[in-house]
Amino acid sequence: MNNFNAVIDVGSKNLKLGVFNNKDESIYFSKQNINDTLEKSLNILVRDAEKYLSSHIDDVVVLYDSPKYYSLEISIKKVFDYNTSIKKIYNNLIHEAHFLISQNNFKDQIIHLIINNIIVDENKTLDKITDDFKIKSLILEIKFICLNKILIENITNKFKNNNLKISNLYCTSYVKIFSFKKQLISKDYLFFIDIGFERSSSFIFNDCKFEFFKSIPIGGNNITKDISKILKLSLEYSEDLKIKFNRSENDISFIKNSTNEKNPFSETIEKNISIDLLKQIIEARLDEIIELCIFDSMSIKNLNSLSKHKLIITGGGSRLLSNNYNLSINKIFTEFVSYDESDSLVCETGLNYHKSNESFHIKTKEKLKKLGFFENFFNLFSK
């Protein structure tokens, strides 16, 4: 058995591997572009790590994002004729909710289970269960983030073919945003958008409660394609131009690593392309991504009546943003924050989430009580 923990973030464009010792300290990090297939790139990434560690990696925590994620919500109520231990009933209700969602959505697997509200004896709301005490009724309001089982099986098989066991799989965006949310203790609306290479995900929290989730198949790669099409540049040049565009000075910055290296912006300079036009192209697509992510949320309709509402942008796409960008969305939010996260931080965040109490590792019971266990359940719907 390994005396370390390994976390792999599976992105659309590259793989990231972080290895941590028993004190959760980073002892190795590597990044591998997906140049051929995911399976072959994974093999290169892991084998290089094993050479460095002089040890075989047996199992890994996997962070994976996809526009195929979706959320479900359920509210469950249990009433008793006598005072009953809350801890026992609380755990039973979680398992029953897990079972109910799994049975009604048998093609999908629950990835995250989020307890939004705990209501005891009809009117008392708790943030969490700390002590055991007697109650006569309990209501749990729970949100689930799910993913298609076939998609999970395909990912799992690619890891199996590299002699790797997936100990747990999590939604990358939720794990990252969960970490950022802990740093922002706020009772106000928090709008998180994680802009990846081929998808973007949005999460909305109101009074620290998870309210809305959406994932769309549009990301930073669409910005690259826009630049390529409008400015008539190759995709390779367009990607370099996007990455190395100096967001704060409205200029192109490029540092040569060697005298023989070709300047990726030579094509741009020769064509005498306007920096303002480049900025407009980036802004237009970013505006669209943000609007598509959050504007079908009911929360957005109430923003004008709120005193504070913060927009937080994460992911690779956040590196394109700066305070001097004139996004139309800026007029709606009272505060705008862009997190320029490091590659290694993603893996570290994944490990912290995996070890946290927020990470539910529910083992589905083969034989659960009949659904008569519910005297009342309501509000089962998908978003």
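Yes/no per residue for (1) more than 20 Å from CYS171 (Cα to Cα); (2) of a type in the set (Ser, Thr, Tyr); (3) at pLDDT 90 or above:
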position	(1), (2), (3)
ASN2	yes, no, no
ASN22	yes, no, yes
TYR28	yes, yes, yes
SER41	yes, yes, yes
SER54	yes, yes, yes
GLU73	no, no, yes
> List the pairs whose first member sits in region 128-157 and is more than 29 Å from GLU211 (Cβ to Cβ), whose second member is among the basic types (Lys, Arg), and whose Cβ atoms are under 7 Å apart, counting only residues at least 6 apart or on separate chains?
Replying inline: ASP132/LYS87
> Take the residues of region 115-144 that are surrounded by fewer than 19 Cβ atoms within 10 Å (Cβ to Cβ) and among the basic types (Lys, Arg): which is nearest to SER85 (Cα to Cα)?
Replying inline: LYS134
> Any residue in region 240-262 that is within 16 Å of the chain's Cα centre (by Cα) and either modelled with pLDDT of 85 or more or outside any loop (DSSP other than H, G, I, E, B) (or both)?
Replying inline: no
> Of the residues that sit in region 181-208 and are in a loop (DSSP other than H, G, I, E, B) and modelled with pLDDT under 85, which one is nearest to ASP343 (Cα to Cα)?
Replying inline: LEU184
> Identify, please: which residue in region 58-92 is acidic (Asp, Glu) and farther than 14 Å from LYS134 by Cα and is, among those, nearest to the chain's Cα centre (by Cα)?
Replying inline: ASP65
> Among the numbered criteria (1) of a type outside the set (Phe, Trp, Tyr); (2) under 28 Å from the mean Cα position of the chain (by Cα); (3) assigned to a helix (DSSP H, G or I); (4) under 30 Å from PHE20 (Cα atoms), which single criterion is violated by SER102?
Replying inline: (4)
>> The conditions are (1) part of a helix (DSSP H, G or I); (2) over 30 Å from LYS143 (Cα atoms), and VAL19 fails exactly one of them. Which is it?
In response: (1)
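A quick yes/no check of all residues on (1) of a type in the set (S, T, N, Q); (2) more than 16 Å from the chain's Cα centre (by Cα); (3) part of a helix (DSSP H, G or I):
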site	(1), (2), (3)
LYS136	no, yes, no
ILE142	no, yes, no
TYR174	no, no, yes
SER179	yes, no, yes
>> I need the full set of residues from region 47-65 which are within 18 Å of ASN157 (Cα to Cα) and surrounded by fewer than 19 Cβ atoms within 10 Å (Cβ to Cβ), in order please.
In response: ARG47, ASP58, ASP59
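The values are calculated or read from the model by the stated rules, or taken from the named source; none is laboratory data. Predicted model only: the values in this text are computed from it and were never measured. Reconstructed Cβ throughout: ideal geometry from the backbone, glycine too, with neighbour counts over all protein chains shown.
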